[in-house]
Every structure is written in C-alpha cells, then in structure tokens.
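The values are calculated or read from the model by the stated rules, or taken from the named source; none is laboratory data. What you see is a predicted model; the values in this text were computed from it and never measured. Note that we place each Cβ from the backbone using ideal geometry, even for glycine, and neighbour counts take in every protein chain shown.
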Amino acid sequence: MTSGTHDYLEDPRNGDILISINGEMFPRDEAKVSVFDSGYMLGDGVWEGIRLHRGKLLFLQAHMERLYEGAKAIDMDIGLAPDEMVSRIEAALSANGMETDVHIRLMVTRGVKSTPYQHPRVTITPPTVVIILEHKVAVEGAGLRLATVHVRRGPPDVQDPRLNSHSKLNCILACIQADKMGADEALMLDPHGFVATCNSTHFFIVRKGQVWTSTGRYCLAGITRANVLDLSRDNGIEAFEKDFSLIDVHGADEAFVTGTFAGLIPVTEIDGRVISAGKGPVTARLQGLYRDLCEREAQG
C-alpha cells in the first residue's frame, strides 16, 4: 500500500506518551489492561476518535453524544458523566503537554470479568476507560485506491453497523481483502447490494456537481460525514443521502472519503477504474470548506 486514510508523519514524542487508564497515567510501555477485560476478551465496548486542533477538541459535543448513546444502546453505564469524561481527556492532554495536532482514541469497555463468559453479569468492575493520545499530522497522498469487497455491512438485526463498537471484525476482514487486492481501503456494500461505506471511512461520489453518499442505514453515524453534508448544502452544493450502486460509482466524476483523522481524502481509483486524475474541483472545494470549519470550531 502506498497510501491510506490514516497515514501520518512519524513523531518521536509518541514514544514517551502517557496513557490514561481509569484516570491514572501510565507510560506507553506500561499501559495494560486485564486479559479478563470485556474489550480484550469479547470486543464489548464503544469508542471515539477525537481531534485536538489549536487547543480545542473538535466537535466534542457530537462525539460525547455518540459515545453515550452507544453505551446506552448496549446497556452499559459508563459511570462518568460526559463532563467528567471530558475532564479525563483534558487531564491526559495536560499530562502530555499537548496543544494541537493530536489524535485521541477514547475507549470504554464493560469492565473486567470474573471468568471468560459473554454475559454482562460476570463483569465485576466498573467500565474500563482508556485514553490514548498521539501527536499525529495527517499526510495527504496523491489519492486513494479502493476495491469493492465481498464482506458486507450487516443488517441491524445482526449487528447494527451504526454502533461504534469495539467489535470490528467484519471491517478488518474487508480491510484485509482490499489490501490483498492492492487497494488502500475497502468499499463495502449493504445487504441489498447498494454502496454503504468504506471499512474505516465514509464514502462519497460526485456526479454532475452533486454529492452523493449512502442512506446512512448501514454505516456509522459519522461526524465528519454529517459536517460535509451540512457544508455542501450550506454552500450551494446539492448533497443527497440515497441508495446507489457500483454503476453510479464507476461512472462518477469524483470520489472522496471522510473521517475524523484526515478530514476529506480524494479517491482516484475504484476497482481498477480511474475516477479522476487527482483532486476534483468539488472535492477540493469541500476540503477547503472543512478546513475553514475546523478553524472556526477551534476559535469558538
């Protein structure tokens, strides 16, 4: 792979970061959780990825709402109010002397179990809260290559794909297949054969100046995704959440993906077909609008 949605500049400071586990700071090499932890044992938990930009945690309220809604959906009481969780994040940032260009992985699992078993009743501790902070500046390459994979986003009666859970095996399998196909990321379909999302980002196409993305029924409620849709509509770009197929994708004028870490990344090739030689005009405009939004958010 020559590029990816999470490519970043190496930073030697990350070797000495302090990681917060249940409010206590540990050096990176000493940060550990129990082998009986629900997250390690079963993937039982929810998480968020958050950016720190110019001293501001971007779109923090939306991230907290998604985290706590996810916890409620899996019947897990985090045990901390949202403002207490934010205080833990801020304490970890302060302990690391971090001010900008930081990516935060906030993970909450159901807690430690008394024995290897899935039922929540054998959980014997409060939830485990881990906060990993790293100095990360995204690297924008020439554009991504995507490959459509056979692994699908499942229906909500199997595992609702809107839930930002620790259980990511289907996305990992999609990622592996795309990698074996020589692509940077997987394009995943929904159970009906329509385009859903990528394995770790949200997918958009541009056709005749219009921005299209999936209905959202089979993908995470992406915060960057929602911001890009709002920016499009607020700036005279028609934007639609709709069902569309690979025929629409392969004939698109432009394509891009979105995510918390890198914002908007152009897509240049899908299934061996060249979509655009580089960054298309609509993608470039939205990148600029999104950067401006982040600056306004940081100043607010």
Per the list (1) assigned by TED's automatic domain parsing to the domain that holds residue 227; (2) touching a strand residue (DSSP E or B) at 6+ places or on another chain (Cβ under 6 Å); (3) of a type in the set (A, V, I, L, M), residue check on residue 92 breaks on (1)
Take the residues in the stretch 157-178 that are part of a loop (DSSP other than H, G, I, E, B) and among the polar types (S, T, N, Q); name whichever of them is surrounded by the most Cβ atoms within 10 Å (Cβ to Cβ). 164
I need a count of the residues in the stretch 161-187 that are within 18 Å of the chain's Cα centre (by Cα) and touching a residue at least 40 places away in the same chain (Cβ under 8 Å). 13
Helices (runs of 4 or more DSSP H) (entirely within the stretch 1-115) containing at least 1 residues that are among the aromatic types (Phe, Trp, Tyr), within 25 Å of residue 263 (Cα to Cα) and under 20 Å from the mean Cα position of the chain (by Cα): 60-73
Counting only residues that are part of a strand (DSSP E or B) and loosely packed, with under 15 Cβ neighbours inside 10 Å, the stretch 241-281 contains a total of 3
Return yes when residue 237 is over 23 Å from residue 158 (Cα atoms), aliphatic (A, V, I, L, M) and assigned to a loop (DSSP other than H, G, I, E, B) and no when it is not. yes
If I filter the stretch 282-300 down to residues being crowded, with 19+ Cβ neighbours inside 10 Å and either in contact with an Asp or Glu (Cβ under 6 Å, 6 or more places away or on another chain) or among the acidic types (Asp, Glu) (or both), which single residue comes out as farthest from residue 236 (Cα to Cα)? 283
Return yes when residue 216 is on the phi > 0 side of the Ramachandran plot and either not in a loop (DSSP other than H, G, I, E, B) or not aromatic (Phe, Trp, Tyr) (or both) and no when it is not. yes
Out of (1) touching a helix residue (DSSP H, G or I) at 6+ places or on another chain (Cβ under 8 Å); (2) closer than 21 Å to residue 261 by Cα, the odd one out for residue 207 is which? (2)
Please give the number of the condition residue 254 fails out of (1) modelled with pLDDT under 95; (2) touching a Ser or Thr at 6+ places or on another chain (Cβ under 7 Å). (1)
Residues to consider are 81, 73, 95, 91; find the one that is closer than 16 Å to residue 166 by Cβ and surrounded by fewer than 17 Cβ atoms within 10 Å (Cβ to Cβ). 73
Residue 221 fails exactly one of the following numbered conditions: (1) more than 20 Å from residue 183 (Cβ to Cβ); (2) touching a helix residue (DSSP H, G or I) at 6+ places or on another chain (Cβ under 9 Å); (3) surrounded by 21 or more Cβ atoms within 10 Å (Cβ to Cβ). What is the number of that condition? (3)
Can you tell me which residue in the stretch 98-137 is nearest to residue 36 (Cα to Cα), limited to those that are buried (at least 20 other Cβ atoms within 10 Å of the Cβ) and among the hydroxyl-bearing types (Ser, Thr, Tyr)? 123
Condition check: crowded, with 22+ Cβ neighbours inside 10 Å and either of a type outside the set (Asp, Glu) or outside the structural domain of residue 50 (by TED's automatic domain parsing) (or both). Does residue 211 satisfy that? yes
Within the stretch 128-149, count every residue that is outside any strand (DSSP E or B) and closer than 20 Å to residue 267 by Cβ. 6
Within the bounds of the stretch 229-236, is there any residue that is free of Cβ contacts under 8 Å to residues at least 24 places away in the same chain and under 19 Å from residue 270 (Cα atoms)? no
Pairs with Cβ under 8 Å, 6+ apart, first in the stretch 53-70 and basic (Lys, Arg), second surrounded by 19 or more Cβ atoms within 10 Å (Cβ to Cβ) and assigned to a helix (DSSP H, G or I): 66/223
